[in-house]
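**Q** First the structure, then my questions, so here it is.
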C-alpha cells in the first residue's frame, strides 16, 4: 500500500507472538529460538492481515509450548491469553 507506514507493534502478528512467548517464558525476545524455525512469520502476518473471517485461527508448537493465534489478534500461549501491545 503506497504511503502506508507499517507499525510492526500493531500490525505484525508474528512480532506479537514473539512478545507473548517472551512474556510467557520470562525470556528476553532476543534469547528465544527464532520463530521461523517453527512457522513462517511472513505467512503468519499475511494470513491475519485484515482477516475478519469468523473463528479463523492457527495453532502450532513452539518448543514445549502451544501457541494459538486467532483472527481478532488474540494470542494464547499454553491456553493463557496474552494481549497484543
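**Q** Every residue in the range 52-85 that is over 11 Å from the mean Cα position of the chain (by Cα), farther than 12 Å from residue 24 by Cβ and modelled with pLDDT of 90 or more, please.
**A** 61
**Q** To continue, here is another question. Just one of (1) within 12 Å of residue 18 (Cα to Cα); (2) buried (at least 16 other Cβ atoms within 10 Å of the Cβ) trips up residue 71, so point out which.
**A** Against the list (1) within 12 Å of residue 18 (Cα to Cα); (2) buried (at least 16 other Cβ atoms within 10 Å of the Cβ), residue 71 comes up short only on (1).
**Q** Regarding residue 20, is this residue surrounded by fewer than 14 Cβ atoms within 10 Å (Cβ to Cβ), in contact with a strand residue (DSSP E or B) (Cβ under 9 Å, 6 or more places away or on another chain) and modelled with pLDDT of 90 or more?
**A** Answer is no for this residue.
Here is a yes/no grid of residues against (1) in contact with a strand residue (DSSP E or B) (Cβ under 7 Å, 6 or more places away or on another chain); (2) farther than 16 Å from residue 82 by Cα:
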site	(1), (2)
26	no, no
40	no, yes
49	no, yes
55	no, yes
65	yes, no
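**Q** Further question: If residue 62 passes every condition in (1) without any contact (Cβ under 8 Å) to a residue 12 or more places away in the chain; (2) surrounded by 17 or more Cβ atoms within 10 Å (Cβ to Cβ) but one, which one does it miss?
**A** Failing condition for residue 62: (1).
The values are calculated or read from the model by the stated rules, or taken from the named source; none is laboratory data. Small disclaimer: the values here were computed from a predicted structure and weren't measured. Here Cβ is always computed from backbone atoms with ideal geometry, including for glycine, and neighbour counts include all displayed protein chains.
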